[in-house]
Structures are given as structure tokens and as C-alpha cells.
Amino acid sequence: MTTVRNNMEKWFASLARTIYHNRLKTLFIMAALIAAIASQLPKLTIDISTEGFMHKTDQARVDYDTFRDQFGRDELIIVAIRSPEIFEGNFLEKLKNLHEDLEENIPYIEDITSLINARNTRGEKDELIVEDLLENWPKTPEEIALIRQRTLDNPLYKNLLISEDSKMTTIVIQPQVYSSAGTDIDVLEGFEDSTNRDLINSGKSDEKEYLTDKENSEVVLSVNKIAEKYEGLDFEVYIAGSSAVTHFIKQSMLKDVRRFLLLAFIAVAVLLFIMFRRVSGVVLPLLIVILSLVSTISLMAAFGVPIKLPTQILPSFILAVSVGYSVHILAMFYYDFRKSRNREEAIVYSVGHSGLAVVMTAATTAGGLFSFSTSEVAPIADLGIFAGTGVLLAMVYTIILLPALLAIVPIKTIKTKEGQSEDTTIDRFLAKIGLISIGHPYKILIISAVIVALSTVGIMKIRFSHDVLKWLPKENSSRIATEKIDKELRGSVSLEIIIDTEKENGLYDPDILNRIEKTVAYLEILEVGEVFAGKAWSLTTILKETNRALNENRPEFYTIPENKNLIAQELLLFENSGSDDMEDFTNSQFSKARLMVKVPFVNAIAYTEFLEKVNDHLQKMYPDVKITVTGMSALMFRTVTNAIASMGKSYIYALIIITILMIILIGRVRIGLLSMVPNLAPIIVTLGIMGWLQIPMNLFTMLVGNIAIGLAVDDTIHFMHNFRRYFEESGDAKSAVMETLHTTGRAMLVTSCVLSIGFFIFMFATMNNLIQFGFLTGLAIALALFANYFIASALMVIVNRPKKTGVKSKLTRNLKPETTNSRQGEIS
């Protein structure tokens, strides 16, 4: 294996020499390749929708898209207004002005509903009248009192348009299902235009793109701008709903990514300058970073993969990894160039010395990341594929492009005065670590085992979570409004149940309709923990209203007719009344019924038992029809359950892939297996800290283990690669450990600092999930460094017993200042 490794190192040295002699050709070819890839960048899009967390082939996603095509968008914007007295002339007038302002000036809306235009079904003699509640504007206290009574008497309005205490009312805005980009559709025409329905009926809906994030943001921004004009002491306005929350998350994401990159570049530039003390030592690594990042993002655009919530960490990740690879090459280049003053030989030496290790680290990091590609959560799979690809691109640019650049850029030579000590704080720090590691290997392993055991106890305390609302800061207006509406209006998102009889006019059957009524009654009292059904309604609501209106508006007739023909007649009468509300609850064949359930915007994990009870009820109640449960809350639950299952698999795949690669790359099974100890220990400790600090396991913190092990193994590879080199020379493990720490240990320290800072920067994020992710990943990388310094060193000392001769002199020589000083060139 040693011969193979030596031959590979010679090959890398030969490659570097070839690049040096063909530097201009290399730069031209690489520039053309990168330019071709970067040309795809303008195609990049953003998608932070809930359904975007699923693959398009996921059955839950297919069901949701089918639902939207048929019944419209269920992601609503809820404008809630609180006032001491809602049924008062001035308030109603202001509500009307706000309703009309929103209706006239918001783009991409399909429907808007409030008390102003709420459906009011009543009968006069033999005539069925379906009109707006405030179609005839009340002018006297008596007329207002009549409107108040009609509102309170209508079960449909409760917790939908008015709160139980009658102090809060809502304007419910339903955006369009489809994007208007590239069409001639008037985005302000609204729902009654029926354009989207025509597309569905003509079979063209597959050609339409759903409402984009950009368009959704335009809607939310317009609503906020208009609502601000009406805000007042007795007119408190709250804007909530999944569309509003999604908009804020997108804005936070874009702002945070820009800030992260700026902070990361500044931090990395400072560290690089401290390490190399040269402009080239700062500019060249950052150039490799920029090219790697642009290429990776451009490939996402080329393959039509949008930026999503988890993939927003990609820029910082690529930054940290790319810099790490460059540091190892540059450290050896500057070290040799300082001694030889020969640029060509320094390039050949640096690539020959570190090229194999860089390729090895890239292979293991990419292997760990590619394990994400099996995830059932689409953006996590995307992150695995493109982060892994980005790592490989960074490796290629480091091995090929960096030497070509080093061959042409001016290189500053740092001279050291004769007799001047080059001993630094880093040297003394690494020397102390080395002495502890080789002097007390068994104590280190015992202490490490105790820490791992305590961490294992902490792991048992970890809880799973997918509480998107809690990701937002407590003072965030969308979070405040959503929590307020959840409390006072019993829910702000929907659970959708589609009851498909699979036969034309199947909904004329009184038995089916009565079963739907029983389901509504069951759901409206169902409460499991923090999850409850605030309201449930369906086609039966329209039918009961119609039946009551046709029977002199008597309350006792607010029921389902028992005769099939009568049901058909009453539904036909309602259709002919001029209202288009029917198509929100059934299809034109009357074979499908939509049952809407209003639920709170809470932790998706909390829906586990609630959805189990709902599904059990539906199976018992409808054994003879097809039932589909979908909607925003169902998708959020599906997302987190998919994540839990797939991330467990990813951890196993990553562990197997990296272990196999380590054994192959190190060349010995026992050492390869032992090398996984300093890789796994930091992950276990980090997860233990999560449990002890009660940090939930969410879609972001789930990524910590896989990302951290992929990065931590880089240090292990460099450590083991150089340890084997020095051990083969000296035959003494203690001497080899000291030599490794004084050479590779420096680069490991700097790259780990860069990696940690790259993730600690996420602690400046707006959203709590990113703050937790950044803290944990940065901590895991720092712990991995010390695990390699102490645990890996201790294991190597124990496993590789020293020879009896020459040990003392070798070890003594490695502790002398002159040896330490000779390595200073690596950071100069």
C-alpha cells in the first residue's frame, strides 16, 4: 500500500509539473469550462413552499397538486382586525374600505371574503336568494342589529369570519393557483373569471406553473402596504397565514445569505492573511471559493433545482470546504518556496505532498454528502447532490487551477533574519498538545469514553420537531399574528379531506352526505394536545343553508334532505343562484366532496396522534369510497416524518461509505476502523449537547451529523496520511505524532477555524433553526479537531508501539525549537 501511495504522490507531482509548463493553456481551458457552467446562473430560482420539501413524484405531493388543480390554493392570507365593537357603523365602513382596497389593488388574487361579501343564503316566498351579507348597506342602528343577528346565527361565520367573542373579524384572501408569468391573464380579475378552471377542464393545467415565490411575495407586500393605512387604536390589524409566513422566511433567507457570505469572506480573509501574511495567500483561496460556489449554484440552475430552505447553507459550506483545500496546498507551497526560491519546484512539491490528501478528503466529504441523495425530503437530497458536487469541483479547481495561478501571480518572499526565532504561539500550543497526547494516551481514552457515555444519555433526551413558526423570532409580526389568530379564531392553516365516491352524482346520496356531517361533528370536538380542529365545513353547509332558505328560513330545516332527488334539486337551485361557491367544494360531476378543516400552525410532530385519529375515523366512516387527506398541515407532517426516516438511512450510509473509504485510503483495516473513533466521538458529543440543552432535532439540526462527519474526516485523513509518512521514516509513533502535529496540525488548526467560523456565522441568522444549526455544526467541527489532536494521537501511540532504538533521540529532536522553527515556513 505504501508503494501505491508513493506512486500516486509522484503522479500528482508530475501533474503539477505538466500544469506549470502549460499554465496558460490550463487557465484558458478552465476559464472556458467555468464560463460555460456560469452561463446558467440566471436561470436560478427560489422555492421555499411546503410542497417544495417533497419530490414531485411523492404521492403526497401528487395528491396535493391534484387537489390544487381541482379546488384552488389552500395557502391563504388572513387579515384579522380586532376592535371593541365590530357591529358599529364606523367600523363597518372602515372594513368595507379596506376590503375594497385589497380587492382592487392586490395582484394575483383569486378570491377575497369578509363580512362585506360573505355568502348570505335566504328565502323569500318561493325564491332562493344568495347574496352578500352587506349587499344592502345598513344605515340605521336597527339595520346594523339585524346584520349582527344574521352573522351570529350563521354557523359558517363562527371562527372563520368572526371570533367567538365577536371582537375580531377577518378578511380571507385566496391567491391564484397558477403563475401569471408569460400569460395574458389579468391578475386582478379574480376568481369569477374561471380562467384556471377552464385550464383544468381543457387538460392544460400540467402546462401551468404554480404561483411563484416572487408572486406570492408581491401579494403579501401589497397586503401589508394596504393594511398599514388602516391600522388604528380601535382597528388592530394582524396579517397571518402560511403565505405570509413563507414570505417572511424567504426575505430572511435572502438577507441572511448575503450577510453570511460577507461575514464569512471577511473572517476567512483575515485568517488567511494571519496565516500566510501575503496578498496571494488571501486572494487565491478566495478566488477558488468564488469559482467553486458560482459553478455549484450554476449547476443547480442548469438542472432546474431551485434554492430551498436547507440549501441556503450551501454557500457557506462551499466557502469553508474550498478554503480548506487551498490552505493545505498553499501551506506546503510557501514552505518550499521560502527555502528553494524555485516556483516550479515549490508547486510540484506542494501538489505532490498534499494533492493525494486533498483528493482523499474530497472523496470522503462528498461520499458523506451524497448519502443525502437518498432522502425523501427533496431539498435535503438536493443539498447532498450539489454540496457533494461542489466539494468535488473545489477539489478539481484546487488541484488544477490553483497551481496554474501560482505559476503566474507575483509571490512575495518573506525573509527571516539570521538567528531570529520563528517559534510561535501555535508551535507552543501544538507542542503541549503533543506532549499530553503521547504522554497520557490511556487517560485520554478513558476521559473521552466518559464524555461519550454522558453524551449518550443526552442523546436520549433529544426530541423531534418541525415547528416552522417557532423558527421565527418572537417579535416577528407574522409569528405574533399567526399565534393570535390560532388562539382567537381557532386555526390559521388547513387540513383538506377529499371524499371521492368515484361515480357521477355520487354526492346526491343522503347517506354519504350524512356521513360527512358526522365527520364534521367529530372533527369540531377533536383535540389532541395542542392540535385541534377549529372549524370544519363542506358541501353539506351549502346544502343545509339552501334547505333552510327554501323552508321559510326556519332553523329546524338546517339539515340534509332525506330524498336524493330533493338534494339534486336544491343543489341545482343554488348553482343557478349566481354564486360560484359550489365549485370550491365539489367537482362538476358531483363525485368528489371537499371537507375543509381549520387547524393551528403548530409543530408538525404534534399532529401525529391527531392525524392518526382522523385517519382511523375516516377509514371506519368511509369504507366504500376513496379518501385523500392533504393540505398544508398534512404536508408539514409528511415532510418531517420523511425527514426522520430518510436521515436515519443517510447517517448509516454516510458511516458505511466513509469507513470503507478510510480503510481503502489508509490501507489497513484496523487503522481504518480506529480512525473512525475521532470522527464519531465529536458527533456523539454534539448530539448529546443537543439533548442536554433541549435543542430540538429539526430539518436543519438533522444535517449536523452528516455534514460534520464529512468535514471532520478531512482532518483525520490529513493526520493519518502524514502520520503514516513520518511513522514509516522513524518507526516511532510518538515521534510521528509530534512531527504530524507540527506540520499537518497547523493546517488542521487553520482549516478547522475557517470551517467553524463558516458555520458559527449562522448564529447571526434571523431564524432560530439556522442559529441552532450554525452553533451545533461549528461546535462539532471544533470538537473534531481536538478529537484528532488527542484521541487519534493517543490511539496511534497505543496501536503502534515504538521501536527500542532511536526513540529518545527522535522524540527529543521533535521537541527542540529548531525543528519547530523549521516548520514555521508552512504558515509564512
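The values are calculated or read from the model by the stated rules, or taken from the named source; none is laboratory data. Bear in mind the structure is a predicted one, so any value in this text is a computation, not a measurement. Reconstructed Cβ throughout: ideal geometry from the backbone, glycine too, with neighbour counts over all protein chains shown. For the accessible areas, the whole protein counts, side chains as well, though only heavy atoms, and no ligand, DNA or RNA atoms are used. Shrake-Rupley method; radii C 1.70, N 1.55, O 1.52, S 1.80 Å.
A few notes on this one:
- Residue tally, condition closer than 19 Å to SER242 by Cβ, open to solvent by 50 Å² or more (accessible area, probe 1.4 Å) and in contact with a Phe, Trp or Tyr (Cβ under 8 Å, 6 or more places away or on another chain), over region 638-666: 0
- Taken over region 128-155, the criterion of being farther than 18 Å from LEU92 by Cβ and touching a strand residue (DSSP E or B) at 6+ places or on another chain (Cβ under 6 Å) is satisfied by ILE129, VAL130.
- Selection status of ALA60, of a type in the set (A, V, I, L, M, F, W, C) and modelled with pLDDT of 95 or more: no
- Of the candidates ILE48, ILE86, ILE78, the single residue that is assigned to a strand (DSSP E or B) and open to solvent by less than 40 Å² (accessible area, probe 1.4 Å) is ILE78.
- Failed criterion for LEU741 (all others in (1) farther than 30 Å from MET460 by Cβ; (2) open to solvent by 10 Å² or more (accessible area, probe 1.4 Å); (3) of a type in the set (A, V, I, L, M) hold): (2)
- One residue stands out among those in region 759-782 that are touching a residue at least 60 places away in the same chain (Cβ under 8 Å), in contact with a Phe, Trp or Tyr (Cβ under 7 Å, 6 or more places away or on another chain) and more than 16 Å from LEU687 (Cβ to Cβ): the one that is surrounded by the fewest Cβ atoms within 10 Å (Cβ to Cβ), which is ASN768.
- Residue in region 627-637 that is in contact with a Lys or Arg (Cβ under 7 Å, 6 or more places away or on another chain), farther than 30 Å from PHE790 by Cα and surrounded by 16 or more Cβ atoms within 10 Å (Cβ to Cβ) present: no
- Filter pass, ALA60 being touching a Leu at 6+ places or on another chain (Cβ under 9 Å) and closer than 28 Å to ILE313 by Cβ: yes
- Unique residue being assigned to a helix (DSSP H, G or I), touching a helix residue (DSSP H, G or I) at 6+ places or on another chain (Cβ under 6 Å) and open to solvent by less than 90 Å² (accessible area, probe 1.4 Å) when the list is ILE444, ILE436, ILE462: ILE444
- Summed over region 14-45, residues that are farther than 18 Å from ALA346 by Cβ, part of a helix (DSSP H, G or I) and not β-branched (Val, Ile, Thr) total 14.
- Test: residue in region 287-295 that is open to solvent by 20 Å² or more (accessible area, probe 1.4 Å), of a type in the set (Val, Ile, Thr), farther than 30 Å from LYS484 by Cα and touching a helix residue (DSSP H, G or I) at 6+ places or on another chain (Cβ under 7 Å): yes
- So TYR522, is it of a type in the set (Ser, Thr, Tyr), open to solvent by 10 Å² or more (accessible area, probe 1.4 Å) and closer than 30 Å to ILE129 by Cβ: no
- Residue that is farthest from LYS592 (Cα to Cα) [pool: residues in region 525-550 that are open to solvent by less than 30 Å² (accessible area, probe 1.4 Å) and without any contact (Cβ under 8 Å) to a residue 24 or more places away in the chain]: ASN547
- If you go through region 1-38 and keep only what is within 30 Å of MET662 (Cα to Cα), among the charged types (D, E, K, R) and open to solvent by 30 Å² or more (accessible area, probe 1.4 Å), you end up with LYS10, ARG17.
- Residue in region 686-695 that is in contact with a Lys or Arg (Cβ under 6 Å, 6 or more places away or on another chain), within 24 Å of MET253 (Cβ to Cβ), open to solvent by less than 40 Å² (accessible area, probe 1.4 Å) and of a type outside the set (A, V, I, L, M) present: no
- Tally of residues being modelled with pLDDT under 90 and either within 13 Å of LEU27 (Cα to Cα) or not in a loop (DSSP other than H, G, I, E, B) (or both) across region 388-414: 1
- At least 2 residues being within 30 Å of ASN120 (Cα to Cα) is the threshold, and among the helices (runs of 4 or more DSSP H) wholly inside region 582-691 those reaching it are 632-666.
- From the options GLY367, GLY324, GLY281, GLY352, residue that is under 25 Å from ILE709 (Cβ atoms), more than 24 Å from the chain's Cα centre (by Cα), open to solvent by less than 20 Å² (accessible area, probe 1.4 Å) and touching a residue at least 24 places away in the same chain (Cβ under 8 Å): GLY324
- When region 556-578 is filtered for residues that are out of contact with any helix residue (DSSP H, G or I) (no Cβ under 7 Å at 6 or more places or on another chain) and in a helix (DSSP H, G or I), the ones remaining, listed by number, are GLU556, ASN565, LEU566, GLN569, LEU572.
- Checked against (1) open to solvent by 10 Å² or more (accessible area, probe 1.4 Å); (2) over 24 Å from ALA708 (Cβ atoms), SER243 passes all but a single condition, namely (1).
- The set of residues in region 92-130 being part of a helix (DSSP H, G or I) and either open to solvent by less than 10 Å² (accessible area, probe 1.4 Å) or of a type in the set (Asp, Glu) (or both) consists of LEU92, GLU93, LEU95, LEU98, HIS99, GLU100, ASP101, LEU102, GLU103, GLU104.
- Any hit, region 131-150, residues being open to solvent by less than 40 Å² (accessible area, probe 1.4 Å), in contact (Cβ under 8 Å) with a residue 60 or more places away in the chain and closer than 23 Å to MET596 by Cβ: no
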